[in-house]
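*Asks:* Take a look at this one; I'll ask things after.
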Amino acid sequence: MKKVLLTLLLLAAAFIIHAQKIDSSNILTNDPVIAMNNSRIFNGFTIKLISRDITSYSFDILAEKNLAHHFQNPLPFARKGIQKKEDAYKVAQWIISEYKKTGHWENMMPPHIARQLQIDWN
């Protein structure tokens, strides 16, 4: 009887230790990594790129380390979103320039502006 009880106790301890190792807060996420340099400063705002998936980018615009605005896909006519890192920076810089002019955030970039900035959106 003592051997069975000792075996059950060891088995329970093994389950408890194993459960702590696979705790969801300890699991590392496998998000796509952009690069170490994933932010730029433009006109007093910081543009921080975020990888939505392997092929597209979104970005946050930060003002003095506080989130000013988050942009998911400012090119609604582009099925795949912003596909190049440099294009994401161009879109963000245009949005910041428009914010400086008008005082409100543009959530979408018109197609003719995307053509002028030579952004690949096909």
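*Asks:* Kindly indicate whether any position in the stretch 66-86 is among the charged types (D, E, K, R), part of a helix (DSSP H, G or I) and free of Cβ contacts under 8 Å to residues at least 60 places away in the same chain.
*Replies:* Checking the stretch 66-86: at least one residue is among the charged types (D, E, K, R), part of a helix (DSSP H, G or I) and free of Cβ contacts under 8 Å to residues at least 60 places away in the same chain.
*Asks:* Which ones in the stretch 47-79 are under 15 Å from Ile96 (Cα atoms) and among the hydroxyl-bearing types (Ser, Thr, Tyr)?
*Replies:* Across the stretch 47-79, the qualifying residue is only Ser58.
*Asks:* Can you pull out the residues in the stretch 46-105 that are under 15 Å from the mean Cα position of the chain (by Cα) and charged (D, E, K, R)?
*Replies:* Matches in the stretch 46-105: Lys48, Arg52, Asp53, Asp60, Lys84, Lys85.
*Asks:* May I ask you to verify whether His104 is more than 12 Å from Phe42 (Cβ to Cβ), assigned to a loop (DSSP other than H, G, I, E, B) and out of contact with any Pro (no Cβ under 9 Å at 6 or more places or on another chain)?
*Replies:* yes
*Asks:* What number goes with the only condition from (1) in contact with a Pro (Cβ under 8 Å, 6 or more places away or on another chain); (2) not in a loop (DSSP other than H, G, I, E, B) that Asp53 does not pass?
*Replies:* Checking Asp53 against (1) in contact with a Pro (Cβ under 8 Å, 6 or more places away or on another chain); (2) not in a loop (DSSP other than H, G, I, E, B), the one that fails is (2).
*Asks:* Quick one: in the stretch 39-81, which of the residues that are modelled with pLDDT of 80 or more and polar (S, T, N, Q) is surrounded by the most Cβ atoms within 10 Å (Cβ to Cβ)?
*Replies:* For the stretch 39-81, the residue satisfying everything is Ser58.
The values are calculated or read from the model by the stated rules, or taken from the named source; none is laboratory data. Values in this document were obtained by computation on a predicted structure and should not be read as measured data. Backbone-built Cβ (ideal geometry, glycine too); neighbour counts: all protein chains shown.
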